[in-house]
1. Name the residue, out of F73, F78, F109, that is free of Cβ contacts under 8 Å to residues at least 60 places away in the same chain and aromatic (F, W, Y).
2. Among (1) at pLDDT 95 or above; (2) farther than 23 Å from T127 by Cα, which single condition is W66 missing?
3. For the range 131-166, which positions are of a type in the set (S, T, N, Q), at pLDDT 90 or above and within 44 Å of the chain's Cα centre (by Cα)?
4. From S214, S177, S198, which residue is surrounded by fewer than 21 Cβ atoms within 10 Å (Cβ to Cβ), at pLDDT 90 or above and more than 22 Å from G238 (Cα to Cα)?
5. For residues in the range 81-100 being touching a Phe, Trp or Tyr at 6+ places or on another chain (Cβ under 7 Å) and assigned to a strand (DSSP E or B), which is surrounded by the fewest Cβ atoms within 10 Å (Cβ to Cβ)?
6. For the range 101-131, which positions are surrounded by fewer than 18 Cβ atoms within 10 Å (Cβ to Cβ) and either assigned to a loop (DSSP other than H, G, I, E, B) or outside the structural domain of D192 (by TED's automatic domain parsing) (or both)?
Amino acid sequence: MKAVVFLIPAVLLSTAMAWGREGREGRESIPTKASYDLHQPAPNRRYDYKQSLKKPFMYNGAIPFWGHHGNSFVATDFIRLNPSVPGLKGSAWRSKPNEYKEWEVEFSFKAFGQSHIGGRGLAFWYTQEHAIEGPVFGSKDQWKGLGVFMDTSDPANQRSNSVIYGIMNDGTKTFPSNPTANTNNFGGCLRDYKNSPSPVVVRVSFIGGTLKVSADTHSKGRKMVNCFEQKNVDLPTGYYFGVSAQGALVGTADDHDLYTFEVYEVNPPPKEKAPMRPHEEEMIKKGRKVKIDEKDKETFEEVQKIVEQQEARLREDSDGANTLTAEQIAQTVGDTQHRIIESLNTIHNKLESLGAPVQPLESTSQSIDEINTKINSLVASLHAMEKVVQGLVEHIKKQDSNKAPDIVRLVKEEIRTLNSKMEDMDSRQASQHRLTQHRLVKSTSWISYVVFLILIQIMAVSVYTWYKKKMSINEKKFM
């Protein structure tokens, strides 16, 4: 028990001494204690799948937009950057440079081995050159750009590992033998990520000229604890993202597996407009050429007045004492049809002169022929109904006077049934007519439907009025 009590202060003292070397060499940027503030993701960021790596990694025998090099190989769930063989190294690099001024990267990995010293380790790169094998964590020395290193070696032999630190290089400086006590190092922290049960998540963000690095060793990225932060960092666009790893040259080497590598653009510019559908631009241009002037509006209003006049005449005929015959109904319908056709032709010519897409004349004439056919069919039905009613009246006259009241009662019941059905049909027609009237001003193609509904309503009300008056006259004869 006493040995344990004395061992804890010794470990803390050795850690402080390892990090304190930078103070003796005149630097003040590396913290002497770990910061446990949580690092939240950027509030305005957009995921870029073309710069990211997620399982399954392979597609048609290759990694889309990426390449792996050296002794690395791709499995189903991870990319093994280097196996646990001394001296082996490997890397994975994106094939095209980064285009974003501000960005955020989150990657997850595992480093596991039999010894607490695994050296070297795994490195995150954002450099001008890419995919060049070298002695620094499997990549080239004297790089230009940023390197963030997950180092499990212990060059000072003071057990100050595992450690995370960052180094900026202008392309001329050589990687130091003891990076944690080097002047090029601008930040670092101790994190016990080796042999972790779940992948360790590291977030590297570059926003507003400030570089911030954080890590989560046990919560799968839900609790990202700040590691270090450096302001006034120059990381231009056009550099490449990459990850590399290297095992120890002698002794027990570690396996380094990469699980995810996600890139986000921070503060992306707003989209100017959504992409257009096929031929949408042509339709917009053609629509801008079509302009409706005052004369065209007057033409539309004239058509609307014609419909209103016919509706008013229909109400007068249905409320009046006179009954329209089939010939009169057909004549009224024909006059209305010709007036509306003249207005439609006028509108057709107007729109055609303006260059708007209009319905062909052939289809218009075909619609008129269909309307004429329906009108003739309705007139024939009216004549047939007249004959049926006349036959019914003659049959009633021939019946015995004793049976006449029963027959009259039956006829009255049939009339009431017919009356209720006609009223229901009239209400439906009126509702449909109002809906059609509302759409008439917006599109001339609806006029044919309005005309057809008016004709149906005229015929239905006229037949009903004629039939009711006919039966009332016959009923008075038997009273």
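The values are calculated or read from the model by the stated rules, or taken from the named source; none is laboratory data. All values derive from a computational prediction rather than experimental measurement. A quick note on method: Cβ atoms are made from the backbone with ideal geometry, for glycine too, and the neighbour counts reach across all protein chains shown.
1. After ruling out the rest, the residue left standing is F73.
2. (2)
3. Pass one, the range 131-166, residues of a type in the set (S, T, N, Q): 139, 142, 152-153, 157-158, 160-162.
If we keep only those that are at pLDDT 90 or above too, we end up with 139, 142.
Within the range 131-166, just S139 meets the criteria.
4. Answer to the selection: S198.
5. It comes out as W93.
6. Within the range 101-131, the first condition is being surrounded by fewer than 18 Cβ atoms within 10 Å (Cβ to Cβ), and the residues that meet it are 101, 112, 114-116, 128-129.
Selection gives K101, Q114, S115, H116, Q128, E129.
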